[in-house]
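In what follows, a single structure is set out as structure tokens and then discussed.
The numbers here are math on the coordinates, done by the rules we state, and not lab data. For clarity, every value in this text was computed on a predicted model and none was experimentally measured. When we count neighbours, we look across all protein chains shown, and the Cβ atoms used for this are built from the backbone with ideal geometry, even at glycine.
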């Protein structure tokens, strides 16, 4: 299964990859259905709807029922992919995610679309920079934040193959395809090391991964050897990779999320309990002002320059 | 301690009545021994539960996830005294397990967990969750043109949760004739009467306006319940809402229609009096 074509030169909207993958999976597995809350277009599921009209359930603008219907469909033997804007499928329906999906431990795939600050100018009501913190509390809910179109496709396939609840965060922000070996594989719970390094480790996911790779290149030119880890799975974490990161003596995490309770918080919990080293968590401080996503990334230092600065400062804190 | 068991009779309505009596006695014993529970709602729901499990639904307790089974979703998940009693009586797990109700590490949590107990379809407890999940089950059946029916029991105070009305809208829109909602209309919520809190009447008109077929019944009359619940849904082309008019604490004089018994627990004297009345 190849990834969808780039939306503009060299850059991809991962929703295209999600849509193409789910259509291909549905061709092969009649149990796969999609559930949407008036979110066909924003989930890029128009093609799915055309091909499998009887297998798309649109509940209207009703996120609590959206998530609950997913649980019911799983009870009826379906493999539902429940897809809506990440801010609403999580925050609006959080108790349904808790009780109906996670605590009930059912085979439902939740797809949080247009996550982070993709809807930048629309403001914090439409930002989803709290979703990972909320969902991370449900210990059996797998959380995946793919970084590029290939990984999005692989994450969707892995979610379909796994018998249990999964949340996949799909971004609409343009990202490049990451360089990785031709035989690369994706496994839930396994991180990938994209750049090796020994002075510090940058752990990122989602839209921040390619920025972390760029920062590592900048640092390399200065003689600083920064490892870059793509921690696509936030739950369960890849503890071995985190342990190895701690051995570099400095860790900087980067995510399109609040600095409270997301990837950085999760890694900090592991690091503090095992091998405490200087850490820096990059993300958004909380509700952010209006601006495009690209503006907000730059404004809060979630770019090549900001990441490189954070690495230098964290290395300086090494004992 | 008196035995809750009572002999079965041969006719169906009589059998349901006997099972209902057993469930009332056993669930009250559970609440008495645990000194926790929701006995008022257990008793208002008992006759609906007994009718469903012993007169209406198709299920095999030895194959609890049989894809062809009729589903029952206990949306009023706090009324586990009655729910666990009926599941045990139906054969999903040994009746002896009921003695562990709410004990430390028991499978019989205060609210049902499908991963611990066979026969539980979805984990409930927070209100307003059952109908939307049941909607999803019914949609799966509709997609597959399957024969199974989906039943869900809600409280009436619970209908103050907006999630129910999202699901109501969808079920009506989809003309889900395989879905049956039973409302335990005892008119009492935790602290007061529903009509003094956030009134629900005219409840039947609300459901009709959402595209449902509505039946009003005496929720303690097994023959009436059996008639409306066992009728084939084929060709109705609407989901069915059965408003089961009930009384909280039904069956015991001092609990009857008494809000104090939402989660009241009996003293030894009250327990013994209840057992003398429940015969």
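Can you sort A:315, A:272, A:144, A:101 by how many other beta carbons sit within 10 Å, fewest first? If you can, show how the numbers build up before the last one.
Numbers: A:315 18, A:272 11, A:144 26, A:101 32.
So the residues, fewest neighbours to most, are A:272, A:315, A:144, A:101.
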Checklist line | Gyration tensor verdict on the stretch A:11-176 (Cα atoms; rounded if a/c is under 1.5, prolate if a/b is larger than b/c, oblate otherwise) | finding: rounded
Item checked: Degrees separating the helix B:130-144 axis from the principal Cα axis of chain B, which is the longest one -> 50 degrees
Margin query: Give the average, rounded to an integer, of partner chain Cβ atoms located within 10 angstrom of each Cβ in A:57-67.
Written below: 6
Next item on the list: Calculate how steeply helix A:263-274 sits against the longest principal axis of the alpha-carbon atoms of chain A, using the helix alpha-carbon long axis, and give the answer as 0 to 90 degrees to the nearest 10.
Entry: 60 degrees
Notebook entry, point to check: If you project the alpha carbons of the protein assembly as shown onto the principal axes, what extent comes out on each, in Å, largest first?
Noted result: 87, 53, 44
Item checked: Ranked list, fewest to most other Cβ atoms within 10 Å of each Cβ, for A:14, B:79, A:87 -> A:87, B:79, A:14
Note to self: Pairs of alpha-carbon atoms within less than 8 angstrom and 6+ residues apart define the contacts here; what relative contact order does chain B have, in percent?
What the structure shows: 23 percent
Next item on the list: Over the whole of B:66-76, what's the average partner chain Cβ count within 10 Å per residue? Rounded to a whole number, please.
Entry: 1
Item checked: Relative contact order [Cα under 8 Å, 6+ residues apart], the stretch A:192-315, whole percent -> 30 percent
Notebook entry, point to check: P(r) of the stretch B:1-152 in 5 Å steps, Cα pairs, percent per bin?
Noted result: 2, 10, 19, 23, 21, 14, 7, 3, 1, 0, 0
Next item on the list: Per DSSP H run of n ≥ 4, the term is -39500 (n - 2.57); total these for chain A, divide by its residue number, and report the mean residue ellipticity at 222 nm rounded to 500 deg cm²/dmol.
Entry: -10000 deg cm²/dmol
Next item on the list: Can you tell me the order of A:93-99, B:119-125, B:144-150 when each peptide is scored by its average per-residue count of other Cβ atoms within 10 angstrom, highest first?
Entry: B:119-125, A:93-99, B:144-150
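Would you work out if the stretch A:117-226 is rounded, prolate or oblate? Take a ≥ b ≥ c from the square roots of the eigenvalues of the alpha-carbon gyration tensor; rounded if a/c is under 1.5, else prolate when a/b is larger than b/c, oblate otherwise.
Cα axes put the stretch A:117-226 in the oblate bin.
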Margin query: If R₀ is 30 angstrom, what is the calculated FRET efficiency for the pair residue B:279 and residue B:58, using the beta carbon separation as r and rounding to 0.05?
Written below: 0.45
Check: What FRET efficiency, computed as 1/(1 + (r/R0)^6) with R0 = 25 Å and r the Cβ-Cβ distance, is obtained for residue A:38 and residue B:209, rounded to the nearest 0.05?
Finding: 0.70
Check: Say each of residue A:198 and residue B:190 gets a label point 7 Å from the Cα, pointing the same way as Cα to Cβ; how far apart are those two points in nm?
Finding: 6.1 nm
Check: What list of whole percents do you get for P(r) of the stretch A:192-315, with Cα-Cα distances grouped in 5 Å bins up to the one holding the largest distance?
Finding: 2, 13, 25, 26, 20, 10, 4, 1
Next item on the list: Pop a pseudo-label 7 angstrom from the Cα along the beta-carbon direction at both residue B:199 and residue A:190 and give the gap in nm to one decimal.
Entry: 6.4 nm
Checklist line | Fewest-first ranking of A:309, B:184, using other Cβ atoms within 10 Å as the exposure measure | finding: A:309, B:184
Check: Which value in nm describes the separation of the simple spin-label points at residue A:316 and residue B:253, placed 7 Å from the Cα toward the beta carbon?
Finding: 8.4 nm
Notebook entry, point to check: Going by average Cβ neighbours within 10 Å, how do the peptides B:65-74, B:168-177 rank, with the highest at the top?
Noted result: B:168-177, B:65-74
Check: Taking the mean number of other Cβ atoms within 10 Å as a proxy for protection, how do you rank B:27-36, A:298-307 from highest to lowest?
Finding: B:27-36, A:298-307
Check: With the Cα gyration tensor of the stretch A:11-80 giving a ≥ b ≥ c as the square roots of its eigenvalues, does the rule (a/c under 1.5 for rounded; else a/b larger than b/c for prolate; else oblate) give rounded, prolate or oblate?
Finding: oblate
Checklist line | 10 Å Cβ neighbours from other chains, averaged over peptide B:106-119 | finding: 1
Item checked: Cα-based helix-to-principal-axis angle, A:14-28 vs chain A, degrees rounded to 10 -> 40 degrees
